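Enquirer: Sharing a structure, written as structure tokens. Questions coming.
The values are calculated or read from the model by the stated rules, or taken from the named source; none is laboratory data. Keep in mind it's a predicted model, so treat the numbers as computed, not measured. Heads up, the Cβs are rebuilt from the backbone with ideal geometry, glycines too, and the neighbour counts pull from every protein chain shown.
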Amino acid sequence: MTARSHEADDLGFFGPYGGAYVPETVVPALAELDAAFTQAKADPAYAEELGTLLRDYVGRPTPLYRADRLAAAVGLGAVYLKREDLNHTGAHKINNTIGQCLLAKRMGKQRVIAETGAGQHGVATATAAALMGLECAVFMGTEDIRRQSLNVYKMKLLGAEVIPVDDGTGTLADAVTAAMRHWVERVNDTFYVLGSALGPHPYPTIVRDLQRIIGDESIDQFDAREVPMPDAVVACVGGGSNAIGTFYPFLVRVPDDQRPRLYGAEAAGKGIDTRFTGASIALGKPGVMHGFMSYLLQDERGNPLEAYSISAGLDYPGIGPEHAYLHDEGLVTYLPVTDDEALVAFEQLCRTEGIIPAIESSHALALLPRIAEELGPDAVVMVTVSGRGDKDVDIVREAGIGE
């Protein structure tokens, strides 16, 4: 059987999800962005400049590391780690920000803005902006500023203005709202570097196409080793950029009969039976937020609920529209992972492999024992380690891990 191809339609919908639910004043800017990205993708000069920067500046390709001690600890035949934590700035986010800032320059924009939760997207945007001589402002919730002070300092070192957002819970969703509101006001001279595979069309597709390098490299690395595709591939999901970048190539390049099972780990927080959770697939229903339709944690009136996770990058009350489509089509299995499970997986990777992962990535790692039970002790699994855990050390220490 051939690989499955699926794309958004002309209005940006993946099935019923996606679209562009925005004020009329923003519609021309989104159309301009869509046209600019379509032209850039067809331009060999853009591809060459992006590829050179990803290789020489970011450090790609990232390794596909076989973690045998971790595999033994979780009861699997083999575990491969896709090491996005080894990118410059320490996460997958730089793949996207380099591509979008190059696009901003092509469009003649001299100023970029971004939202951030855990701070990795903010640091990556500030990094790309400094590299390309662009003015940069990053919107960040006050609670996340408290939790991620190291990344706040890094952004300022890189020349970015960090704008505190104290609305709501002062976390990622509030930062997205503030950044979008600001963009509406300054759409003529400002480029919004959106960090995840969500928002109004064409952002989910742009971010996916810039992050698909994760899955494309992984497939090529398995082929180069002349080993079969893994039995399963796992990534953490908040808005969903590292996950869709991982999954998409396996969906469109690998034939159905060879494709791994795909698993997304979403943040259950203190449990899906509590109000302290971010599990939008497990508990949400279709709704509109931040300019797109997808699964959304919401009250009976359709208002978004506050999401919670120990991870500052996963406490978002919705999920990217392509993920919602993949869930409905049964192409990806999305499972909730609690804070406690993620912390156990965090410490386990530290102790077995000498790798300190981001708490976001630890949610994906936490699914390994469950996958071992489902697929058996000979199964081979790949996990995308979306980022490194330097930024999370204080949070983990507060939780009593490693003491």
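Enquirer: Would you pick out the residues in the range 377-403 that are touching a residue at least 40 places away in the same chain (Cβ under 8 Å) and either of a type in the set (Gly, Ala, Ser) or in a loop (DSSP other than H, G, I, E, B) (or both)?
Expert: Listed by number, the residues that qualify are PRO377, ASP378, ALA379, SER386, GLY387, GLY389, ALA399, ILE401, GLY402.
Enquirer: Same structure, new question: Being more than 13 Å from the chain's Cα centre (by Cα) and part of a loop (DSSP other than H, G, I, E, B): is that true of PRO249 here?
Expert: On the way: more than 13 Å from the chain's Cα centre (by Cα): yes; part of a loop (DSSP other than H, G, I, E, B): no.
Answer is no for this residue.
Enquirer: Right, here's the next one. Can you tell me which residues in the range 293-313 are in contact (Cβ under 8 Å) with a residue 12 or more places away in the chain and of a type outside the set (A, V, I, L, M)?
Expert: SER294, TYR295, GLN298, GLY302, PRO304, GLU306, TYR308, SER309, SER311, GLY313
Enquirer: Looking at (1) more than 25 Å from PHE346 (Cα to Cα); (2) in a loop (DSSP other than H, G, I, E, B), which one does GLY287 not meet, given that it meets all the others?
Expert: Among (1) more than 25 Å from PHE346 (Cα to Cα); (2) in a loop (DSSP other than H, G, I, E, B), GLY287 violates only (2).
Enquirer: A follow-up question, please. If we keep just the residues of the range 63-111 that are within 23 Å of THR205 (Cβ to Cβ) and outside any helix (DSSP H, G or I), which is farthest from the chain's Cα centre (by Cα)? Break it down into steps so the answer makes sense when it comes.
Expert: Initial filter on the range 63-111 (within 23 Å of THR205 (Cβ to Cβ)): 82, 84, 87, 91-109.
Add one more test, that the residue is outside any helix (DSSP H, G or I), and what stays is 82, 87, 91-92, 107-109.
Details: LYS82: 14, ASN87: 14, ALA91: 10, HIS92: 8, MET107: 25, GLY108: 27, LYS109: 25 Å.
Selected residue: GLY108.
Enquirer: Further question on the same structure: Return yes when LEU158 is more than 21 Å from ILE395 (Cβ to Cβ) and assigned by TED's automatic domain parsing to the domain that holds PRO23 and no when it is not.
Expert: Working: more than 21 Å from ILE395 (Cβ to Cβ): yes; assigned by TED's automatic domain parsing to the domain that holds PRO23: yes.
For LEU158, the condition - more than 21 Å from ILE395 (Cβ to Cβ) and assigned by TED's automatic domain parsing to the domain that holds PRO23 - is met.
Enquirer: Taking the residues in the range 221-236 that are free of Cβ contacts under 8 Å to residues at least 24 places away in the same chain and assigned to a helix (DSSP H, G or I) as candidates, determine which candidate is surrounded by the most Cβ atoms within 10 Å (Cβ to Cβ).
Expert: Ranking the qualifying residues of the range 221-236, first place goes to ASP223.
Enquirer: Go over the candidates PRO369, PRO357, PRO336 one by one and state the one that is surrounded by fewer than 19 Cβ atoms within 10 Å (Cβ to Cβ) and at pLDDT 95 or above. Spell out how you get there, then give the answer.
Expert: Numbers: PRO357 fails: surrounded by fewer than 19 Cβ atoms within 10 Å (Cβ to Cβ); PRO336 fails: surrounded by fewer than 19 Cβ atoms within 10 Å (Cβ to Cβ).
Residue meeting the stated conditions: PRO369.
Enquirer: Does SER218 meet the test of being closer than 23 Å to ALA20 by Cβ, hydroxyl-bearing (Ser, Thr, Tyr) and in contact with a Ser or Thr (Cβ under 8 Å, 6 or more places away or on another chain)?
Expert: Working: closer than 23 Å to ALA20 by Cβ: no; hydroxyl-bearing (Ser, Thr, Tyr): yes; in contact with a Ser or Thr (Cβ under 8 Å, 6 or more places away or on another chain): yes.
So SER218 does not fit the description; no.
Enquirer: So, GLY15, is that one more than 23 Å from the chain's Cα centre (by Cα), surrounded by 14 or more Cβ atoms within 10 Å (Cβ to Cβ) and either small (Gly, Ala, Ser) or more than 26 Å from ARG351 (Cα to Cα) (or both) or not?
Expert: Values: more than 23 Å from the chain's Cα centre (by Cα): no; surrounded by 14 or more Cβ atoms within 10 Å (Cβ to Cβ): yes; either small (Gly, Ala, Ser) or more than 26 Å from ARG351 (Cα to Cα) (or both): yes.
So GLY15 does not fit the description; no.
Enquirer: Now a separate question. Would you confirm whether or not the range 33-54 contains a residue that is over 29 Å from HIS88 (Cα atoms) and outside the structural domain of VAL233 (by TED's automatic domain parsing)?
Expert: Keep residues of the range 33-54 that are over 29 Å from HIS88 (Cα atoms), which gives 35.
Applying the additional criterion that residues be outside the structural domain of VAL233 (by TED's automatic domain parsing) yields 35.
Yes, that holds for at least one residue.
Enquirer: Would you be able to tell me the number of residues in the range 192-205 that are surrounded by 24 or more Cβ atoms within 10 Å (Cβ to Cβ), over 17 Å from VAL288 (Cβ atoms) and not aliphatic (A, V, I, L, M)?
Expert: Qualifying residue count, the range 192-205: 2.
Enquirer: If you don't mind, another one. Please go through the range 101-134 and give me each residue that is surrounded by fewer than 24 Cβ atoms within 10 Å (Cβ to Cβ) and among the polar types (S, T, N, Q), ordered by number.
Expert: Scanning the range 101-134 gives a single hit, GLN110.
Enquirer: Residues of the range 335-375 being of a type in the set (Gly, Ala, Ser) and either assigned to a helix (DSSP H, G or I) or touching a residue at least 40 places away in the same chain (Cβ under 8 Å) (or both), which ones?
Expert: ALA342, ALA345, ALA358, SER361, SER362, ALA364, ALA366, ALA372
Enquirer: Find the residue count for the range 149-183, including only residues that are more than 27 Å from GLY291 (Cα to Cα) and more than 21 Å from the chain's Cα centre (by Cα).
Expert: Summing the residues that are more than 27 Å from GLY291 (Cα to Cα) and more than 21 Å from the chain's Cα centre (by Cα) in the range 149-183 gives 5.
Enquirer: It is to be established whether one or more residues within the range 134-145 are on the phi > 0 side of the Ramachandran plot and at pLDDT 95 or above. It would help to see each step written out before you state the result.
Expert: First, pick out the residues of the range 134-145 that are on the phi > 0 side of the Ramachandran plot: none.
No, because not a single residue in the range 134-145 is on the phi > 0 side of the Ramachandran plot and at pLDDT 95 or above.
Enquirer: If you check ASP257 against the conditions, is it farther than 24 Å from HIS92 by Cβ and not in a loop (DSSP other than H, G, I, E, B)? Reasoning before the result, please.
Expert: Numbers: farther than 24 Å from HIS92 by Cβ: yes; not in a loop (DSSP other than H, G, I, E, B): yes.
Here the answer is yes, as ASP257 does meet what is asked.
Enquirer: Could you check the range 237-285 and list, in sequence order, the residues that are touching a Phe, Trp or Tyr at 6+ places or on another chain (Cβ under 9 Å), polar (S, T, N, Q) and in contact (Cβ under 8 Å) with a residue 24 or more places away in the chain?
Expert: Those that are touching a Phe, Trp or Tyr at 6+ places or on another chain (Cβ under 9 Å), polar (S, T, N, Q) and in contact (Cβ under 8 Å) with a residue 24 or more places away in the chain: THR277, SER280.
Enquirer: Now for a separate question. Determine, yes or no, whether SER196 is among the polar types (S, T, N, Q), closer than 27 Å to PRO260 by Cβ, modelled with pLDDT of 95 or more and assigned by TED's automatic domain parsing to the domain that holds LEU326.
Expert: Values: among the polar types (S, T, N, Q): yes; closer than 27 Å to PRO260 by Cβ: yes; modelled with pLDDT of 95 or more: yes; assigned by TED's automatic domain parsing to the domain that holds LEU326: no.
When the stated conditions are applied, SER196 does not pass them.
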